[in-house]
Amino acid sequence: MMITKEQILEELKAVEDPEIGMDIVNLGLIYEVQINEDKVYIRMTMTAPTCPVTPWILSEVQKITENMAEVEMADVELVWEPPWNPSMMSDVARDQLNM
């Protein structure tokens with residue numbers, strides 16, 4: 001059975017930005033998920049280029065994705081275009097952060 005983008009995003013909700021206290025999916029940091037058989041490509045950003053936890057978050061995204069039974073390899077690309085802004089957050093995130 002092939003993995004879906006929705007399954008990957010659900011698993012990635014376990015990765016939380018510790019400075020904000022919200023998961024990276026609801027923050028809108030995941031821009032793209034492509035699946036090619038057992039290989040997954042994730043294009044994502046951070047809330048700011050100076051985010052001190054960037055290496056940890058990228059590592060967690062890679063680890064969680066590759067630990068999924070249907071995934072052999074994950075390629076996680078950090079991008080800065082388009083720049084992240086609060087409008088990219090889900091309604092859940094906006095509610096929890098009182099925005």
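Calculated from DSSP H runs of 4 or more alone, at -39500 (n - 2.57) each and per residue, what is the 222 nm mean residue ellipticity of the chain, nearest 500?
When only DSSP H runs of four or more count, the value is -7500 deg cm²/dmol.
For the chain, build the charge dipole from Cβ charges (+1 Lys, Arg; -1 Asp, Glu) around the Cα centre, then report which of Tyr31, Trp84, Val53 sits farthest towards its positive end.
Looking along the dipole axis, the top candidate is Trp84.
Summing Lys, Arg as +1 and Asp, Glu as -1, what charge do residues with Cβ under 11 Å from the Cβ of Val79 carry, Val79 excluded?
-2
May I ask you to derive the relative contact order of the chain, considering only C-alpha pairs under 8 Å and at least 6 residues apart, and to give it as an integer percent?
Values: 135 pairs, mean separation 30.3, N = 99.
Computed over the chain, the figure is 31 percent.
Please list, ordered by chain and number, the residues whose modelled amide H lies under 5 Å from the amide H of Tyr31; skip anything fewer than 5 residues away on the same chain.
When sequence neighbours closer than 5 places are left aside, the close amide H contacts are Arg43, Met44, Thr45.
For the chain, find the longest principal axis of its Cα atoms and tell me its angle to the long axis of helix 54-66, 0 to 90°, nearest 10.
That works out to roughly 30 degrees.
If you average the C-alpha positions of the stretch 1-28 and of the stretch 52-99 separately, how far apart do those two centres end up, in angstrom?
6
For the chain, give me the percentage of DSSP beta bridges that are antiparallel, rounded to the nearest 5 percent. Write down the numbers at each step before the final one.
Numbers: 8 of 14 bridges.
The antiparallel proportion sits near 55 percent.
Throughout, read-outs are computed from the coordinates displayed, never taken from laboratory work. In this text the structure is predicted, and so the values were computed from the model without any measurement. In this analysis, Cβ positions are derived from the backbone assuming ideal geometry, glycine residues included, and neighbour counts consider all displayed protein chains.
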